[in-house]
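None of the figures in this text is laboratory data; all of them are computed from the coordinates on show. The model shown is predicted, which means the values in this text are computed figures rather than measured ones. We place every Cβ from the backbone using ideal geometry, glycine too, and count neighbours over all the protein chains shown.
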Amino acid sequence: MKLHIIGGFLGSGKTTAITNASKLLILHGKKVAVVTNDQGKYLVDTSFIGSYDIPTAEVTNGCFCCNFNSLSDQVELLERIIKPDCIFAESVGSCTDLVATVLKPLQLLKKELFDELTFSVFVDSRLLIDYLQSKKMPFNDEICYIFTKQIEEADLLVISKIDLLSAEDLEILQDLTNTRFARKILIFQNSLNPRNIQNWLTTLETLPIRRRDSLDIDYQIYGKGEADLVWLDEEVNIHTEDQSAFKVALLFIESMVEEIKQKQIPIGHLKFLLKGEEFSHKISFTSILDDNWKINLPSLMVGDVKIMVNSRIETSPEVARAIVRKGVNAISRSGVLVSESQEQAFQPGFPDPTHRITRNLPCCDECRCVKNLNKSQIEACLCDNKADESCCCIF
């Protein structure tokens, strides 16, 4: 079984790529499963991916690194029940240092769960070109630090949403990345394009074996960056007497977005999943707001809509709650019944990884033949960073 760890900043397109890759693999007769991850408990992404009948599991209330045992348990559960050919595990977008806290511990402690372990990091092409040109970023320095470290540790850097760049900007970005990241494997991708998705999957199959170095990272800066992003999760249920619930739901979203814009609050990711008996629509906003978000939405006449809200914005919990309240007030009128549930708003706690391995793994791990070593041999390898004599790939 192949285990694909997916990292990258909030709104970088991870879920879209994973969903479309899973659909493509299933079309070709493969069994696929997905593990989603978030600081909160009520995840839009899990419901969205599950709407395509893709088996999913969740690691909630913290990132993979701080919930390593939960991650490995969910992978083991999916492997036992689904017997998948591959599992995509999508890390929460505010997390970094995955090599030291997730990949290396998986290689050493849970090597029996997979045959191959890959690591892709996604980055929004529009944010990346601004970053590489030293333009002002939408977030504070500590949040930008997380963005930078995510890119730094990537095995495979997937530069996504290239369809949203002009041809001129794409050419500039390609020149900049080829210079700045000459030692990285780069993919330029539109995750709505099946050929681009197939190229990503093919690249994952053919990634060269390479030593993964743990980040040199300041956890004080990292922790402050995470705490500066407020998590708000909520469900809003709308019932209308005149079958206008879908239109009312869009008005609720519009109110929230306009309030965030007026307050000039940076958006990490703002996600809404609109669900009814016969439909499911996901609407997402990132730091680069799309003013034309309603253009391709259907006009549905329904009496009931449930909205799942996942808001990750740079503000306080009190302000985040007030934005939702204003949205609810904007749609509350005669003939419209609105109820709220599952509400929580908080700042993530300080990152506290279950494991953190800073040493380079022995060559046998990097060559993926660690199954030939027992625990004592692995420990011997780590002591002097050399392979034990029994390892099949001594250098």
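Quick notes
- Spatial offset of segment 279-304 relative to segment 1-67 amounts to 21 Å, using the alpha carbon center of each.
- In degrees, nearest ten, helix 375-384 long axis to first principal axis of the chain (Cα): 80
- Share of alpha-carbon pairs per 5 Å distance bin for segment 86-150, given as whole %: 3, 13, 23, 20, 14, 11, 8, 6, 1, 0
- Between LEU250, SER332, ILE197, the Cα set farthest toward the positive side of the dipole of the chain (charges on each charged residue's Cβ, about the Cα centre) is that of ILE197.
- Protection-proxy order for peptides 327-336, 189-198, 300-309, each taking the mean of Cβ atoms within 10 Å per residue, highest first: 300-309, 189-198, 327-336
- Segment 24-68: radius of gyration over Cα atoms, expressed as a fraction of 2.2 N^0.38 Å: 1.28
- Relative packing of peptides 30-37, 112-119 - highest average C-beta neighbours within 10 Å first: 30-37, 112-119
- Straight-line reach from LYS184: taking Cα to Cα under 20 Å and skipping same-chain neighbours fewer than 8 places apart, the lysines in range are LYS14, LYS104, LYS149, LYS161.
- Binning the alpha carbon pair distances of segment 122-178 at 5 angstrom intervals from zero yields the distribution 4, 18, 30, 27, 16, 5, 0, expressed in whole percent.
- Counting only DSSP H runs of at least 4 residues, each contributing -39500 (n - 2.57), and dividing by the residue count of the chain, the helix-based mean residue ellipticity at 222 nm comes to -11000 deg cm²/dmol.
- Segment 236-278-segment 70-148 distance, computed between alpha-carbon centres (Å): 29
- All Cα-Cα separations within the chain were binned at 20 Å from zero, giving a P(r) of 27, 57, 15, 1, each value a whole percent of the pairs.
- Computed from Cα positions, the angle between helix 14-27 and the longest principal axis of the chain comes to roughly 80 degrees.
- Rounded tilt (10° steps) of 317-331 against the dominant C-alpha axis of the chain: 40
- Between ARG359 and ILE295, the contour length at 0.36 nm per residue exceeds the alpha carbon distance by 18.0 nm.
- At 1.306 mPa s and 10 °C, Stokes diffusion of segment 228-346 via Kirkwood alpha-carbon radius, µm² per second: 111
- The chain - charge dipole about Cα centre, Lys and Arg +1 at Cβ, Asp and Glu -1, debye rounded to 20: 460
- Segment 2-224: radius of gyration and largest Cα-Cα distance (Dmax), Å: 16.7, 48
- Where only alpha carbons of segment 24-135 are counted, the Rg and the Dmax (Å): 15.2, 48
- The packing ranking, built from the mean of other Cβ atoms within 10 Å per residue, places the peptides 320-326, 84-90, 134-140 in the order 84-90, 320-326, 134-140, highest first.
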